[in-house]
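One structure is given here, and the rest of the page talks about it.
The values are calculated or read from the model by the stated rules, or taken from the named source; none is laboratory data. Fair warning: this is a prediction, and the values are worked out from it, not measured in the lab. Backbone-built Cβ (ideal geometry, glycine too); neighbour counts: all protein chains shown.
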Amino acid sequence: MMSHKNVPPLDVSFVATDRRDINPLRDLFKDYGVRMTTTAKVVEMGFTVNTLVNMTEQEIDDVIKTMLECYRIELLVGERYGFKSAIRAEKKRQEEEMGRQYLQLLSKSGKRRKGEDTLLVATSLEGISREQRADNDLMFPEVAGAVGPFNLNSKEAALFEQSHTQLGTPRLLAIPEPSSDNEKKKVGRKKQKHKMSQEPGDDGDDRTREHPFIVTEPGELARGKKNGLDYLFDLYEQCARFLDEVQQMSKERGEKCPVKVTNQVFRHAKLKGASYINKPKMRHYVHCYALHCLDLQQSNHLRKLYKDRRENVGAWRQACYLPLVEMARQNGWDIEGVFNRNEKLRIWYVPTKLRQLCHTEKSKDSDSCSYE
């Protein structure tokens, strides 16, 4: 926080001469009620669009507080909200743009695949060896489209069992998670296991993941070193309790309370001795927990189906996307609202990959409607 002493008066005389610095910020704030003089002062303080967009909500609050208290800038009420709204909208725009570029890259790489490689586009690439992939008949979007609306509780669940040759109009193209480049090289088993066991940074990491869980039915205890899915879902319940503790401590200190599970919650869990709860793991399976909360019967059926087929947890995790996309379709593609309306899910962020799948399917639906 800046000191109140010896704060130089703001000079806005440069506004008419140097447009290169102010133009990006002017474009950022122009539709949000922020006056030109205020924008000029923000530039004089040394801020750019990139700086503001990459700041947290708390840091932006500190900037506004500095403008009011240190620089004695008189901000209108609407300007304070407009300042934050403009930055929030720009963040969202950049995220959507990155998502579109990601989908375009996947689309281009998918066109270069031939024959059997194209059929494998919907399979899970996580924790599955090349030998397993050759014989693996997981979920195929073409089959899902031919069968019709996705319903795991009916006889239509057989769509997972159908032959690869029964192709129809594709309804959901599951985006495969990129595997490691090192997978293509011939390395020793020990080196490969070491690489797979490393914990990736977040959802969508490029490295292959070795899953610490196995597919189990409800109430079934896992055998061996790996834990079952009941244990996995219980970790999310523990996170909710840790969030409650963090919120209580924040209220006692007079600080802003987090409403979702953030890094602050993971740090608190680690301090409490729950080092087994970490951000990469919890973000990686949050959509599986979402299906467990939104449709328990469908989730249990999917667990039994993949356990009977002896599939690994990566294939089960990939299959959990389909029902959630169908739920988003039934709710006007408002996947954020689907999460927020559930008591247990409102504290979790919607996974980026789930947003991308919904965006892709929404675009397909829009295109089909325009052709009709």
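Brief remarks on what is shown
- Of all residue pairs spaced 6 or more apart or on separate chains, none has beta-carbon atoms under 6 Å together with a first member in region 268-280 that is within 14 Å of Ala240 (Cα to Cα) and a second member that is among the hydrophobic types (A, V, I, L, M, F, W, C) and surrounded by fewer than 14 Cβ atoms within 10 Å (Cβ to Cβ).
- Of all the criteria given as (1) closer than 23 Å to Gly314 by Cβ; (2) touching a helix residue (DSSP H, G or I) at 6+ places or on another chain (Cβ under 6 Å); (3) of a type outside the set (Phe, Trp, Tyr); (4) at pLDDT 50 or above, the one not satisfied by Met139 is (4).
- From Lys91, Lys65, residue being under 22 Å from Glu255 (Cα atoms) and part of a helix (DSSP H, G or I): Lys65
- Only one entry in Asn300, Asn331 is under 21 Å from Tyr231 (Cα atoms) and over 15 Å from the mean Cα position of the chain (by Cα), namely Asn300.
- Test: residue in region 293-310 that is closer than 22 Å to Lys362 by Cα, assigned to a helix (DSSP H, G or I) and either in the same structural domain as Thr216 (by TED's automatic domain parsing) or polar (S, T, N, Q) (or both): yes
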